[in-house]
1. Can you list the helices (runs of 4 or more DSSP H) found entirely within region 77-166 that contain at least 2 residues being touching a helix residue (DSSP H, G or I) at 6+ places or on another chain (Cβ under 8 Å), among the β-branched types (V, I, T) and touching a residue at least 12 places away in the same chain (Cβ under 8 Å)?
2. Can you pull out every residue in region 260-283 that is within 23 Å of A341 (Cα to Cα), open to solvent by 30 Å² or more (accessible area, probe 1.4 Å) and in a loop (DSSP other than H, G, I, E, B)?
3. Quick check: is even one residue across region 126-142 of a type in the set (V, I, T), buried (at least 23 other Cβ atoms within 10 Å of the Cβ), under 21 Å from the mean Cα position of the chain (by Cα) and modelled with pLDDT of 95 or more?
4. Mind counting the residues in region 87-112 that are among the aliphatic types (A, V, I, L, M) and under 13 Å from A416 (Cβ atoms)?
5. Of the residues in region 371-384, how many are in a loop (DSSP other than H, G, I, E, B) and open to solvent by 50 Å² or more (accessible area, probe 1.4 Å)?
6. Does at least one position in region 7-18 carry a residue that is among the hydrophobic types (A, V, I, L, M, F, W, C) and either open to solvent by 70 Å² or more (accessible area, probe 1.4 Å) or in contact with a His (Cβ under 9 Å, 6 or more places away or on another chain) (or both)?
7. Sort out which residues of region 20-38 are in contact with a Lys or Arg (Cβ under 7 Å, 6 or more places away or on another chain) and either in a loop (DSSP other than H, G, I, E, B) or open to solvent by 40 Å² or more (accessible area, probe 1.4 Å) (or both), and write them in order of number.
8. Looking at this structure, is T17 assigned to a helix (DSSP H, G or I), at pLDDT 80 or above and under 26 Å from the mean Cα position of the chain (by Cα)?
Amino acid sequence: MTPLSLSGETLPLPHLTAIADGAPVALGANGVARLRAGEQALHEALTRGDGIYGTTSMVGAFKDNGVADEDRPKYALRLLRSHLLGTGAYLPVRVVRAAMAIRLNTLLTGHTGASLPLAAALADLLNTGITPAVPEYGSIGCADVGLMSHIGATLLGEGMAFAPEGGPAIPSAALLARFGLAPLVPGPKDVMSVLSSNALGVAGVALATADLRNRLPLLLHVFVLAAAGFGAFGIPWETARLDGLRDEARVARYLQGLTRPGDWSPRRNLQDPLSFRCMPQIAGALVSALDRVEATLAHTVAHADDNPILIHGRAMTSGASLPLALALDAQALVIALCHYARSTLSRILASCREDLSGLPRNLTLDPGRQVAFGAATKLAADLTTAILRESTPASLYQIPVANGFEDEASYLPSVARALGLQASLLSPLIALEALAARQAIRLSAARPTDGPGALLAELDRHVPLLDDSHAVSEAVRRAEGVLARFATRLAAPLPPDLAFPPPSFQENAHA
């Protein structure tokens with residue numbers, strides 16, 4: 001596999017996800033040159049006697065305590081070990097790999113004062129497949145010091161790590177020796193450069209965002225199946241295409257491209273329940289939120305968030321360790337996803353109501369004898385409620401730490417956890433919508449074509465109808481598998497209307 005070059009510049013999400021999934025990396029020449037210049041600037045600052053937080057001084061409440069030149073290497077180790085505080089289950093390997101790639105890319109901006117051996121050591125971990133074992137809890141999102149310390153420990157031959165073949169975590173020293181890697185001998189600011197980064201929180205948001213972006217076409221294919229089974233109107237899509245906000249128009253254009261005249265006929269007068277009628281608005285808001293997160297990520301993964309940072313040869317105090325913009329953008333994505341999930345539940349429930357859908361109650365194939373979707377709606381409600389619970393604005397729950405000296409935080413890792421949980425719960429919820437839509441289509445005269453028709457055929461081939469003869473959980477599991485495979489096909493490549501950056505074209509009904 002050809003290594004992906006990192007140079008401290010743009011790191012597209014597809015490249016980051018590829019590295020998370022095992023792709024090797026290489027250090028780009030421009031990035032190495034900037035790294036060397038930054039390292040030289042650090043040495044010159046130290047020679048001048050400049051004060052550099054975390055290097056010539058201690059940190060947090062002890063920032064006014066100096067560190068003597070001769071004590072600096074030992075202090076760096078004490079700093080690392082005092083921040084080895086993570087607890088809980090280990091983060092997924094792909095999240096930690098993405099975090100190492102982000103930290104490596106930001107080192108190559110040249111603004112951190114880190115050494116080339118540190119950058120090379122991170123690249124070695126990525127390329128050998130050694131992944132530090134990083135616990136889930138321990139960061140409030142103003143530099144992930146309590147978690148990034150576990151990556152630093154592996155670099156120094158301490159702590160625990162996962163081998164490339166998987167299995168339980170084992171001592172990092174054994175894995176480094178197995179691959180012929182020597183523990184890092186850190187430069188003056190290397191330990192601080194490892195700790196003073198939000199790379200883990202950023203990685204969690206980035207991977208969840210990439211996953212949701214890639215699933216957008218699938219979500220809208222499933223919605224079209226639901227609209228077909230319900231007999232919904234397509235007129236609101238045309239209205240949004242002509243006169244909606246930009247991202248509402250993007251969704252509307254995509255929906256119109258999935259259908260043909262005669263795929264189904266509306267079964268009611270004038271308009272549908274809002275969960276059907278407002279899909280350009282609901283999915284458009286989700287697309288808008290994804291775009292905002294990706295725009296902020298594009299900056300975040302290519303700029304140093306250290307404190308201090310080196311600019312024009314000066315070691316400058318920085319507030320970049322507070323990634324509040326990304327946390328708030330990601331929180332908006334959490335809320336947008338809540339609205340999408342809630343609308344999904346509403347469509348399932350509307351399809352099961354004979355007074356709204358015109359179909360047999362609970363989409364039963366044998367009225368009076370089958371429960372069909374009657375019980376399955378409880379699962380849909382539970383999944384939706386769990387997704388909605390993640391909407392709490394985590395960034396507001398700050399408690400001053402470090403003797404009151406550190407009194408702001410973004411709680412970006414908490415937002416990343418919320419996004420990850422939502423994404424995992426969305427999978428069975430969308431599977432339930434697909435199953436309800438397929439059952440409604442079976443009970444109606446709808447005949448969807450093109451992509452939705454192909455998805456319907458895959459569901460028919462692999463998943464039984466809910467007729468009380470099979471476990472609902474098994475049908476959901478099979479449907480999730482069908483949808484996952486279909487999503488992969490739809491995302492290669494993403495259609496322009498659902499990709500980032502968004503297209504510039506927009507129609508206007510008044511033009």
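1. Filter on region 77-166 gives 93-107, 145-155.
2. Here is the first cut: in region 260-283, the residues within 23 Å of A341 (Cα to Cα) are 271-283.
Okay, now just the ones that are also open to solvent by 30 Å² or more (accessible area, probe 1.4 Å), so 271, 273-274, 277-278, 281-282.
Those that are within 23 Å of A341 (Cα to Cα), open to solvent by 30 Å² or more (accessible area, probe 1.4 Å) and in a loop (DSSP other than H, G, I, E, B): Q271, P273, C278.
3. Yes; the residues of region 126-142 include at least one that is of a type in the set (V, I, T), buried (at least 23 other Cβ atoms within 10 Å of the Cβ), under 21 Å from the mean Cα position of the chain (by Cα) and modelled with pLDDT of 95 or more.
4. Residues of region 87-112 among the aliphatic types (A, V, I, L, M): 89, 91, 93, 95-96, 98-102, 104, 107-108.
Adding the requirement that they be under 13 Å from A416 (Cβ atoms) leaves 91, 95-96, 98-99, 102.
Here the count works out to 6.
5. Qualifying residue count, region 371-384: 2.
6. Within region 7-18, none of the residues are among the hydrophobic types (A, V, I, L, M, F, W, C) and either open to solvent by 70 Å² or more (accessible area, probe 1.4 Å) or in contact with a His (Cβ under 9 Å, 6 or more places away or on another chain) (or both).
7. The answer is D21, and nothing else.
8. yes
The values are calculated or read from the model by the stated rules, or taken from the named source; none is laboratory data. Worth saying up front: this structure is predicted, and the values here are computed from it rather than measured. Counting neighbours? That spans all protein chains shown, and the Cβs are built from the backbone with ideal geometry, glycine included. Surface accessibility is based on the protein's heavy atoms, side chains included, excluding ligands, DNA and RNA. Shrake-Rupley method; radii C 1.70, N 1.55, O 1.52, S 1.80 Å.
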